[in-house]
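Notes follow once the structure below has been shown.
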Amino acid sequence: MRPIIAIADEPVNAVKFVILNPGDSTVGMPVTIAIEAQKSNNQVDAAYQDDVTLIASGSATGAGLVDIVNGIGTIEINDEVAETVNLSLSDTEATGLDVSSTREVDFELIQEGDAAWNQQKFWFRDDDGDEIAATGFSAEDVSQNTNIINVVPGTSFRLRFVIKLTQANGNISPQLEFKEGTDCSTGSWTIITPTSSVFNLQLSPNFIDANATTQRLVGSPNFIAGQILESTNPAGSLSMLKNESTEYEWSLKVSSDTPFAATHSFRITSSGAALDNYGQCPSLTTKIYTPPPTPASSSGGGSPTTVTFSGKAFPGAKIFVVDHDVNYDQIVSQDVVVADDGGFYVSFIAIYQSLHSFGLIIKDKEGRTSQTKFFNINTLSQGLTVKDIVVSPTIDFTSRLVTRGNSATIIGYASPGSIVALEIDDIIKKEVAAAEDGSYRAEIETGELDFGNHRVRTKQIIQKENKESNFSPTNTLVVSRLVSPKTDLSGDGKVDIKDWSMFLFQWASKDTAQKKMIDFNEDGKVDVSDFSIFIRNIRS
């Protein structure tokens, strides 16, 4: 007689809620808790829609009602205290499901002294798409870990890095720097800013500043999102676990007056503190200048053409004229404005017999650049004389971060005696007169401005000549909720454990420029007074 085999029916409905193992974290680093509505065979009931409440012990925050959709729900918890957090469930919605599942999450102190930071990979990219779609640099579509050469001054590009943490958990505030040469471990480095000379941060139409990055270069599953940036450097502080990797990317531009055949390297630091290992050191080399051939004329030589620019800038300004065609860029003239009224006159002989574009680059005494102007000329048939140019003002802030209700101060240079019109978010807000030395200073009340970023630019008006300039480059003013916005070192609108980590890095730094960032009372030194200001502003 054959045995009778009974086959149980496939379970249909959920019978229990189960907390999935979330893994451990570090103090101040959020953890996502996932909860499943499971059947008796431990499979998710994809039709289940009722909620459950997560309970977290100790000082942990963020626990509460979890929205279960199609059998799965998530909620994020955090803890500013180093401790073991016990997780449990409560059937507050009277579902009748088993809620006996428990888990633990250890929030550990970040052991920065033992952490090892590694710059592992890089990728030069064109600014031709968003964080995912952008291609490798130039027509060659270069791949990762490939240096680029023959780069024309004035070129825009993006540079992406992989940073990996080993040995221990840690905190990093990625800062992009450059220097001349090819060794990332030594030398004198310069932080890249919107006006840092050789390489500058460049606004991009393809992404929003501080968008999260995805895995483009990292194959490891231990990935934590970094940021893609166009106007921020250093980035905000990021807490990472041992063996995690992240990716950061910046939008950049090679200055038009960068020398030809020059090689520069790039590296990441943590707010100026060098990483432990630079496994890859990306470099960029500008192209070697080859003057275009001078074609023979009917008389056997090239016909010289005179190019002349004149107009109004600001006393003490430096003027560069860059000759640009499809094959090369070259600085063909450099003068210093000496006239008290800011007047300038630049003239030179051009022997090139083709269509050319001349760019007029003007920098004030402090190194700020006005809006670049370009002029086209066919030197085969004509000279070029451009008169009465009114140069746009330069623009900067005494502080880019301002507490709402306090005044924002905008500074720069224009032609002496001109009227400087200041525009915020496309609306003219104020007009001030430039002083005898060309400097101007405008105070703007921020009480009517929304919290967050605001676009600021200026133009100058020379009333007696009934002329006005184009607008200056656009700068970003940040209106903050904080009483002392300078203490928001990460720029995320609050002062917390991330800023504390950055403060400690800069407090211990021997780099004077880096340490100046935490001179909150602006008395020329960093001491206990600045520490006191920071402590008063940090969120408890």
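The values are calculated or read from the model by the stated rules, or taken from the named source; none is laboratory data. A quick note: this is a predicted structure, and the numbers were derived from the prediction, not measured. Using ideal geometry, Cβ is built from the backbone for each residue, glycine included, and neighbour counts are taken over all protein chains shown.
Does residue 536 satisfy the condition of being surrounded by fewer than 13 Cβ atoms within 10 Å (Cβ to Cβ) and in a helix (DSSP H, G or I)?
Considered against the rule, which asks whether it is surrounded by fewer than 13 Cβ atoms within 10 Å (Cβ to Cβ) and in a helix (DSSP H, G or I), residue 536 comes out as yes.
Please verify whether the stretch 151-161 includes one or more residues that are more than 22 Å from the chain's Cα centre (by Cα), surrounded by fewer than 14 Cβ atoms within 10 Å (Cβ to Cβ) and either not assigned by TED's automatic domain parsing to the domain that holds residue 359 or not charged (D, E, K, R) (or both).
no
If residue 57 passes every condition in (1) of a type in the set (S, T, N, Q); (2) at pLDDT 90 or above; (3) in contact with an Asp or Glu (Cβ under 8 Å, 6 or more places away or on another chain) but one, which one does it miss?
(3)
Does the stretch 183-205 contain any residue that is under 14 Å from residue 131 (Cβ atoms) and surrounded by fewer than 17 Cβ atoms within 10 Å (Cβ to Cβ)?
yes
Which of the residues spanning the stretch 74-90 are more than 22 Å from residue 28 (Cα to Cα) and either in contact (Cβ under 8 Å) with a residue 60 or more places away in the chain or buried (at least 21 other Cβ atoms within 10 Å of the Cβ) (or both)?
Answer for the stretch 74-90, where residues must be more than 22 Å from residue 28 (Cα to Cα) and either in contact (Cβ under 8 Å) with a residue 60 or more places away in the chain or buried (at least 21 other Cβ atoms within 10 Å of the Cβ) (or both): just 89.
When residue 234 is evaluated against the numbered criteria (1) over 24 Å from residue 486 (Cβ atoms); (2) out of contact with any helix residue (DSSP H, G or I) (no Cβ under 7 Å at 6 or more places or on another chain), which criterion, by number, is the only one it fails?
(1)
List every residue pair whose Cβ atoms lie under 6 Å apart, where the two residues are 6 or more positions apart in sequence or sit on different chains, the first residue falls within the stretch 213-231 and is in the same structural domain as residue 129 (by TED's automatic domain parsing), and the second residue, located anywhere, is in a strand (DSSP E or B) and of a type in the set (Gly, Ala, Ser).
Note: pairs meeting the criteria are 218/245; 220/245; 223/245; 225/212; 230/251.
Inspect the stretch 218-228 for any residue being buried (at least 19 other Cβ atoms within 10 Å of the Cβ), modelled with pLDDT of 90 or more and either over 22 Å from residue 493 (Cα atoms) or within 9 Å of the chain's Cα centre (by Cα) (or both) and give the result as yes or no.
The answer is yes, given that some residue of the stretch 218-228 is buried (at least 19 other Cβ atoms within 10 Å of the Cβ), modelled with pLDDT of 90 or more and either over 22 Å from residue 493 (Cα atoms) or within 9 Å of the chain's Cα centre (by Cα) (or both).
Being over 30 Å from residue 433 (Cβ atoms) and in a loop (DSSP other than H, G, I, E, B) is the filter here, so list the residues in the stretch 464-494 that pass it.
Residues satisfying the conditions are 481, 482, 483, 484, 488, 489, 490, 491, 492, 493, 494.
Within the stretch 164-174, count every residue that is surrounded by fewer than 24 Cβ atoms within 10 Å (Cβ to Cβ) and of a type in the set (Val, Ile, Thr).
Count: 1.
Which members of the stretch 430-478 meet the condition of being on the phi > 0 side of the Ramachandran plot and either touching a strand residue (DSSP E or B) at 6+ places or on another chain (Cβ under 8 Å) or outside the structural domain of residue 419 (by TED's automatic domain parsing) (or both)?
Result: 438, 452.
Just to be sure before I move on: is residue 138 farther than 24 Å from residue 279 by Cα, surrounded by fewer than 18 Cβ atoms within 10 Å (Cβ to Cβ), in the same structural domain as residue 253 (by TED's automatic domain parsing) and over 19 Å from the mean Cα position of the chain (by Cα) in the structure I sent?
yes
Pull out all pairs, ordered by first then second residue, where Cβ-Cβ is under 6 Å, the residues are six or more apart or on different chains, the first lies in the stretch 449-470 and is of a type in the set (A, V, I, L, M), and the second is part of a strand (DSSP E or B).
Partner pairs satisfying both residue conditions: 449/479; 456/424; 456/475; 456/477; 461/419; 461/468.
Take residue 520 and decide whether it is part of a loop (DSSP other than H, G, I, E, B) and surrounded by 15 or more Cβ atoms within 10 Å (Cβ to Cβ).
yes
Return the total of residues in the stretch 172-192 being among the polar types (S, T, N, Q) and at pLDDT below 90.
Total meeting the criteria: 4.
Of all residues being surrounded by fewer than 15 Cβ atoms within 10 Å (Cβ to Cβ) and not aliphatic (A, V, I, L, M) in the stretch 99-110, which is nearest to the chain's Cα centre (by Cα)? Just the residue, please.
Restricting to residues being surrounded by fewer than 15 Cβ atoms within 10 Å (Cβ to Cβ) and not aliphatic (A, V, I, L, M), the top hit is 106.
Would you pick out the residues in the stretch 35-58 that are of a type in the set (A, V, I, L, M) and closer than 15 Å to residue 85 by Cα?
54, 55, 56, listed by residue number.
Please work out if residue 33 is crowded, with 17+ Cβ neighbours inside 10 Å and either of a type in the set (S, T, N, Q) or not in a loop (DSSP other than H, G, I, E, B) (or both).
Answer is yes for this residue.
State yes or no: is residue 182 in contact with a Pro (Cβ under 7 Å, 6 or more places away or on another chain), more than 25 Å from residue 493 (Cα to Cα) and assigned to a loop (DSSP other than H, G, I, E, B)?
no
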